[in-house]
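These notes concern the structure reproduced below.
The values are calculated or read from the model by the stated rules, or taken from the named source; none is laboratory data. Please read these numbers as outputs of a predicted model, since none were measured by experiment. Ideal geometry is used to build each Cβ from the backbone, glycine not excepted, and the neighbour counts take in all protein chains shown. Quick note on the areas: whole protein, heavy atoms, side chains included, nothing else; ligands and nucleic acids left out. Shrake-Rupley method; radii C 1.70, N 1.55, O 1.52, S 1.80 Å.
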Amino acid sequence: MNWIAGIGHKRTGILYMLSALLFFLVGGMEAMVMRAQLALPNLKVVTPQMYNQVFTMHGTTMIFLVVMPVLTGFSVYLIPLMIGASDMAFPRLNAFSFWLQLCGGLLLYLSFAAGGAPDAGWFSYAPLTERTYSPGPGLDYWALAILLLGASFVAAAINLVVTVVTLRAPGMTIKRLPLFVWMNLVNGLMILFALPSLVASLVMLLGDRLLHARFFDAAQGGSPLLWQHYFWIFGHPEVYIMIFPAFGMISEIIPVFSRKPIFGYRFVALSSVAIAFLSYGVWAHHMFAVALGRTFLSVFAAASMLIAVPTGVKVFSWTATLFGGSIRLTTSMLFAVAFLLEFTIGGLSGVAFATVPIDWQLTDTYFVVAHLHYVLFGGTVFALFAGVYYWFPKFTGHLLDETLGRWHFWLVVVGFNATFFVQHFLGLIGMPRRVYTYPDLPGWGALNLVSTIGAGILVFGIFVFVCNILVSFKFGAPAGNDPWNAWTLEWAASSPPAPGNFERVPPVKSRRPLWDLKHPDAPDWVHEGVV
Amino acid sequence: MRDRVRLGMALFLLTDAIFFFFLILAFIYFRDASLHTAALTLDLRVTATWTACLLTSSLSMWRAVASPRRRRLWLGVTITLGVVFFVGQGTEYLRILRDGIATTQGLFSTTFFTLAGVHGLHLLIGIVLLAILLMVGNSAATGVIAMYWYFVGVVWIAIFSVVYLWTFL
C-alpha cells in the first residue's frame with residue numbers, strides 16, 4: 001500500500017525503473033518476434049498485419065515506456081541526493097507523473113484487446129494514419145497514450161528543473177553540480193521545448209481521426225508533410241533527450257573508476273548546451289528523401305554534421321579521463337568503456353547519414369536500424385547497465401554479483417554486435433526496413449540468420465541480468481554507504497538512504513565534496529577554478 | 001516555496017506557449033487555402049467585443065493580486081468577465097457551425113476550431129481555478145493562478161491578431 005500511496009522521490013524512482021524493466025522485457029519479446037519472422041527468407045511466423053503491429057509497438061514501447069521512464073527514474077532518485085536535497089520540489093507531482101506514465105503504457109497495450117494495436121510505425125507518417133487508411137482503433141490508442149505520456153514527461157521535466165534550480169544545498173553552485181545533474185538539467189529544458197510540437201501534432205492527428213479535421217490528408221487539401229515537420233521537430237531533440245542522462249551517468253562512472261576527476265568538466269557541460277541548441281535545427285535530416293530543395297538540404301546537412309563536434313568533445317573528455325588513470329574494471333566500468341566504443345560507431349554512422357547522397361541511398365534500409373540501435377542500445381542501454389551496476393548498491397544496500405555481471409556483460413556485447421553490426425551490411429545491399437519478409441537473395445538469408453542468433457544471445461544476456469538483480473537483491477554482499485570510494489553526495493547517505501536522505505548534508509566546497517571530506521590534507525577546493 | 005511554485009508555473013507556461021505556437025503556425029500554413037472562407041465566416045466586431053472583456057479581466061486579475069483586501073471582489077469580476085468571453089465566443093462558434101459556410105468539411109474549420117477549442121479549454125480551466133480560489137480563499141496561490149490567467153489572455157491576443165485582424169486588415 002505504501003508503494004501505491006507513497007510520494008517519496010526514492011520510491012517513485014524505483015517504481016519508474018521497475019515499470020521500465022517490465023516494458024523492456026515486453027519490448028524485447030516483440031523484437032524477438034520480429035527476429036524470428038526474419039530469421040530465414042519467406043517465413044510466415046506471424047501474419048503481415050501482426051508484424052506491422054509488433055514493430056510499431058516495439059519502437060513506441062522502447063522509446064516512451066522504457067528509455068524515457070527509466071532515465072526519469074534514475075534522475076528523480078539520484079538528483080535530490082546529488083544536490084543535497086531531501087526530495088523533489090513537488091513530490092506529489094512526481095508520483096503523479098509516474099502513475100500517469102504507467103496508465104499511458106497500459107492504455108497503449110489495451111489496444112491489442114480493443115481490436116488491433118497501432119501499426120503505422122513509431123513515427124506514424126500521414127496519410128497512413130488517417131481514418132481512411134487505418135480504420136481500426138489502434139492509432140487512436142497510440143495518439144491518446146502518447147498524449148498522456150507526453151504530459152507525464154513534461155510534468156517530470158518541470159519538477160526536475162525546479163528541483164535543481166531551487167533545492168541545491170549551500171555551496172552547490174551551478175559550476176559544482178555533478179555532471180549527471182547538469183545533463184539532466186539541460187535534458188529537462190529540452191523536454192520542455194521539444195514535447196509541445198509532438199503534443200500539437202497528436203492533437204491535430206486526433207482531430208483528423210475523430211472530428212473529421214483534415215490537417216494531414218492531402219486528398220482533402222491537408223499536408224502529410226506538415227506531420228513530418230512537426231513530428232521531427234520533436235523527434236530529433238528526442239534522440240538527445242534519450243541519451244543526455246546516459247551521458248551524465250558515464251560522466252560520473254568513468255572518473256570514479258579511473259580515480260581521476262573528469263577531464264574538461266566545463267567542456268562536457270557546455271557541449272551539452274551546444275548540442276541542445278543545435279538539435280532544434282536538424283530535424284529535416286529525417287526528411288532528406290522528401291523533395292525539399294537544395295539550399296534546404298545543404299543547411300540541414302551542415303547543421304547535422306556540426307552536432308558531431310560537441311558530441312566528439314564529450315567522447316574526447318571521457319577518453320582523456322581514462323588516459324593515465326588507475327582503472328578498476330568493475331562490470332559497471334566495463335559497460336561504460338563498451339559504451340564509448342559502441343556509441344562512437346553509432347555516432348559515425350550518424351555522420352554518414354548527414355551526407356545527403358548517402359542518406360538517399362540508405363534511408364529506410366536496415367542501415368538505419370543498425371545506426372539507431374548503436375546509439376540507443378549501444379549508447380543509452382549500455383550506459384544504463386553501467387548505471388545499474390554503479391547505483392544498485394545505493395538503491396538496495398547490496399552489491400550486484402560481479403561474476404554474473406561478467407556473464408551479463410559479455411553475452412550482451414557479443415549478442416548486441418552480432419544482431420546489429422550485420423544489419424549495416426543488410427542495409428548496404430538494399431534490404432528495406434519494416435518489411436514482413438524477403439526473397440532468398442544472395443547473402444540476405446545468412447546475414448539475417450546471424451542477426452537472429454545474435455538476438456537470441458542478447459536475450460540470454462538480459463536473462464542473466466534479471467537473475468542478477470533478483471539474486472543480489474536477496475543475497476548480494478552488503479554494500480555499505482560508499483562501495484566505490486566515490487565523490488558525489490549520494491554516497492554520503494546510507495544505502496538505501498533514510499527518509500529525508502541526510503542527517504546533515506556534508507559541506508560542499510568543490511565538485512567532489514566527498515573527496516574533500518576524505519582528503520582534508522589535499523582538498524579540491526584549494527585549486528578550484530584551475531581545473 | 002513560493003518561488004518554487006512560480007518557477008514551476010513559468011516553465012509550464014513556457015512549454016504551453018510553444019504548443020500554441022505550433023497550432024498557430026499550422027493555421028498560417030493553411031492560411032492561403034482558408035482565407036476566403038475565413039473572411040466570409042468571421043465576425044470581427046462581435047469577437048472584438050468579447051476580446052475586450054477578456055483583456056479587461058487581466059486588469060481585474062491584476063487588481064486581485066495587488067489589493068489583498070478587495071481580493072474576493074476582483075476575483076468575482078475576473079470570473080464574470082471570463083465567463084462572458086467564454087459564453088460570447090461559444091455562441092459565435094455555434095453560429096459559425098450553424099451557418100454551415102464552413103462546417104466540419106473545410107481546412108478553415110480544421111485549423112480555426114482546433115485553435116479556438118484548445119484556447120477555450122484553457123479558458124475553462126482558468127475559470128475553474130479562479131472559482132476554486134474564490135471558494136478556498138488561499139491568497140498564496142493567487143499570484144500563480146494570475147500568471148496562468150494572463151497567459152490565457154496573451155495567447156488570445158496572438159490568436160485574435162493572426163486569425164481575425166490579419167484576415168480583415
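Below, the figures for the structure above:
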read-out	value
For segment B:1-93: rounded, prolate or oblate by the Cα gyration tensor [a/c cutoff 1.5]	oblate
Calculated FRET efficiency for the pair residue B:21/residue A:361, C-beta based, R₀ 30 Å, to 0.05	0.25
Solvent-accessible area of residue A:280 with every protein chain in place, 1.4 Å probe, in Å² to the nearest 10	70
Accessible surface of residue A:343 - all protein chains present, 1.4 Å probe, nearest 10 Å²	20
Gyration tensor (alpha-carbon) shape descriptor, segment A:270-361, a/c threshold 1.5	prolate
Estimated dipole of segment B:1-92 in Debye, rounded to 20 [Cβ of Lys and Arg +1, of Asp and Glu -1, Cα centre]	760
Packing-based ranking, highest mean first, of A:440-448, A:98-106 given that Cβ atoms within 10 Å are counted	A:98-106, A:440-448
Placed amide H near residue A:398: partners under 5 Å, 5+ positions off or other chain	A:479
Inter-centroid distance (Cα atoms) of segment A:99-120 relative to segment A:307-334, Å	39
Shielded residues, segment A:77-92 - accessible-area loss of 10 Å² or more between chain alone and all protein chains, probe 1.4 Å	A:89, A:90
Dimensionless Rg over Rh [segment A:2-527; C-alpha; Kirkwood]	0.96
Residue-averaged beta-carbon neighbours from other chains (10 angstrom radius) around A:187-196	3
Protection-proxy order for peptides A:160-168, B:7-15, each taking the mean of Cβ atoms within 10 Å per residue, highest first	A:160-168, B:7-15
Estimated inter-spin distance, residue B:80 and residue B:141, nm [label 7 Å along Cα→Cβ]	2.3
Cubic angstrom per residue, convex hull over Cα atoms of segment B:46-101	51
Other protein chain Cβ atoms within 10 Å, averaged over every residue that makes up B:7-17	5
Listed residues B:156, A:122 arranged by accessible area, highest first, probe 1.4 Å	A:122, B:156
Chain A - mean residue ellipticity at 222 nm from DSSP helices (-39,500 (n - 2.57) per run, n ≥ 4, rounded to 500)	-22000 deg cm²/dmol
Equivalent ellipsoid semi-axes - Cα gyration tensor, segment A:169-261, angstrom	42, 13, 8
Number of Lys pairs (Cα under 28 Å; 8 or more positions apart or on different chains) in chain A	20
Burial order of peptide ranges A:329-340, A:499-510 (average beta-carbon count within 10 Å, highest first)	A:329-340, A:499-510
Full-stretch length increase - residue A:29, residue A:351 - with 0.36 nm per residue and alpha-carbon distance subtracted	112.9 nm
Per-selection Rg to Rh, segment A:445-531 - Cα, Kirkwood hydrodynamic radius	1.26
Cα long-axis angle, helix A:382-396 against chain A (0 to 90 degrees, to the nearest 10)	40
Spatial separation of Cα centroids for segment A:204-260 and segment A:432-486, in angstrom	26
Helical mean residue ellipticity (222 nm; -39500 (n - 2.57) per DSSP H run of 4+; nearest 500) of chain B	-29000 deg cm²/dmol
Placed amide H near residue A:365: partners under 5 Å, 5+ positions off or other chain	A:433
Cβ neighbours within 10 Å from other chains - mean over B:30-37	1
Cα gyration tensor shape for segment A:367-467, rounded if a/c is under 1.5, else prolate or oblate	prolate
Phi to ³J(HN,Hα) by Karplus 6.51 cos²θ - 1.76 cosθ + 1.60 over segment A:176-182, Hz, x for Gly, Pro	10, 4, x, 4, 4, 5, 3
FRET efficiency, residue A:475 to residue B:132 (Cβ-Cβ, R0 56 Å, nearest 0.05)	0.60
Viscosity 1.306 mPa s, temperature 10 °C, Stokes-Einstein D of chain B from Kirkwood C-alpha radius, µm²/s	94
